[in-house]
Structures are given as structure tokens and as C-alpha cells.
Amino acid sequence: MYSQAGLLIETTCANIFVKTADNGWITPKLDQAGVRGVMRGLLLEELFARRGLPVSEGEISRQQLASG
């Protein structure tokens, strides 16, 4: 699902994490829409940190997703 601004938010039943070539992992920033699920929180606060994996919350456009 996308916001009215065309930014990726989530699927109908799951949060999204995208592996990027240069910045590690990114997950949509959910400050305007979307659900901050329990598992998403666990991944962000525990798993990525324990594994030393870089992860950030940010805007993901359709163009960014298509070019990845």
C-alpha cells in the first residue's frame, strides 16, 4: 500500500523491510499512516541491533522500490 503522496507504507497484512545496496535495510517511516506492529518493533529494537545490521526508517518511493 502507498500513501497519497506515493510513498510505500506496508502490505495489507505485514510491515516492509527493504534491503538496499548501499545503506543496509530501510523500513517505511510510519508517522503519517500505517501500523507499527509488535514484530516490526522487535526487529528494529532487537534483531537488527544484535546482528549489527544497519536499519533506518525513511520514505520509500515507487521509483526507489522499482530501481532496487
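No lab work stands behind these numbers, since they all come straight from the coordinates. This structure is a prediction, so every number in the text was calculated from the model and none was measured.
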Would you indicate which of (i) 12.0; (ii) 12.8; (iii) 12.4 is the value of Kirkwood radius over Cα pairs in Å derived from the coordinates of this structure?
(iii)
Residue span SER3 to VAL35: 0.36 nm per residue of separation minus Cα-Cα distance leaves a gain in nm of 10.2 nm
